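What follows is one structure encoded as structure tokens, with my remarks underneath.
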Amino acid sequence: MNNSNIISNQYGEIKIVDRKKISLTGVKKLVSFNPEEFLIETTLGILLLKGQELEIIKLDTTDGILSIKGRINNLNYMDSNKKGESSLIARLFK
């Protein structure tokens, strides 16, 4: 069997360089963003990134790649229960 044809849907990698640049894989959707906060839907869950002067360097949802520059202060996967997931996102960006 040729392993190069096998694609996993549950992967994700985060690489941070000097708190000035972050690269992510496994990105499904960029839900919302501004210079201080990014809300990202990944294959492993909803990810909240907080910082200062954040800017998108690269976004490729086909390959699931996102690169951001700026001051990275906080990175947090948000645990969600299916019942309250949409209300949690709605409350964050009210």
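The values are calculated or read from the model by the stated rules, or taken from the named source; none is laboratory data. The shown structure was predicted, so the numbers you read here are calculated from the model rather than taken from an experiment. Here the Cβ positions follow ideal geometry from the backbone for every residue, glycine too, while neighbour counts run over all protein chains shown. The area values use the complete protein model at the heavy-atom level, side chains included, leaving out ligands, DNA and RNA. Shrake-Rupley method; radii C 1.70, N 1.55, O 1.52, S 1.80 Å.
Of the residues ILE40, ILE57, ILE68, ILE72, only one is modelled with pLDDT of 95 or more and either open to solvent by 50 Å² or more (accessible area, probe 1.4 Å) or closer than 14 Å to TYR11 by Cβ (or both); which?
Values: ILE40 fails: either open to solvent by 50 Å² or more (accessible area, probe 1.4 Å) or closer than 14 Å to TYR11 by Cβ (or both); ILE68 fails: either open to solvent by 50 Å² or more (accessible area, probe 1.4 Å) or closer than 14 Å to TYR11 by Cβ (or both); ILE72 fails: either open to solvent by 50 Å² or more (accessible area, probe 1.4 Å) or closer than 14 Å to TYR11 by Cβ (or both).
The unique qualifying residue is ILE57.
Looking only at the range 43-54, how many residues end up being of a type in the set (S, T, N, Q) and surrounded by fewer than 14 Cβ atoms within 10 Å (Cβ to Cβ)?
The first filter runs over the range 43-54 and keeps only residues of a type in the set (S, T, N, Q), leaving 43, 52.
Then keep just the ones that are surrounded by fewer than 14 Cβ atoms within 10 Å (Cβ to Cβ); that gives 52.
Adding up the residues that qualify gives 1.
How many residues are of a type in the set (Gly, Ala, Ser) and under 8 Å from the mean Cα position of the chain (by Cα) when one looks only at the range 40-66?
Step one: list which residues in the range 40-66 are of a type in the set (Gly, Ala, Ser), which gives 45, 51, 64.
Those left that are additionally under 8 Å from the mean Cα position of the chain (by Cα): none.
Within the range 40-66, residues that are of a type in the set (Gly, Ala, Ser) and under 8 Å from the mean Cα position of the chain (by Cα) number 0.
Inspect the range 14-37 for any residue being among the aromatic types (Phe, Trp, Tyr), part of a strand (DSSP E or B) and in contact with a strand residue (DSSP E or B) (Cβ under 6 Å, 6 or more places away or on another chain) and give the result as yes or no. Step through it out loud before you land on a result.
Within the range 14-37, the first condition is being among the aromatic types (Phe, Trp, Tyr), and the residues that meet it are 33.
Still in the list and also part of a strand (DSSP E or B): 33.
Restricting the remaining residues to those that are in contact with a strand residue (DSSP E or B) (Cβ under 6 Å, 6 or more places away or on another chain) gives none.
Looking through the range 14-37, none of the residues is among the aromatic types (Phe, Trp, Tyr), part of a strand (DSSP E or B) and in contact with a strand residue (DSSP E or B) (Cβ under 6 Å, 6 or more places away or on another chain).
So which residues in the range 13-36 are of a type in the set (Asp, Glu) and under 15 Å from ASP60 (Cβ atoms)?
Within the range 13-36, the subset of a type in the set (Asp, Glu) is 13, 18, 36.
If the condition is that a residue be of a type in the set (Asp, Glu) and under 15 Å from ASP60 (Cβ atoms), then GLU13 is the only one that fits.
Determine whether LEU54 is in a strand (DSSP E or B) and either touching a residue at least 24 places away in the same chain (Cβ under 8 Å) or among the polar types (S, T, N, Q) (or both).
Numbers: in a strand (DSSP E or B): yes; either touching a residue at least 24 places away in the same chain (Cβ under 8 Å) or among the polar types (S, T, N, Q) (or both): no.
No, not satisfied.
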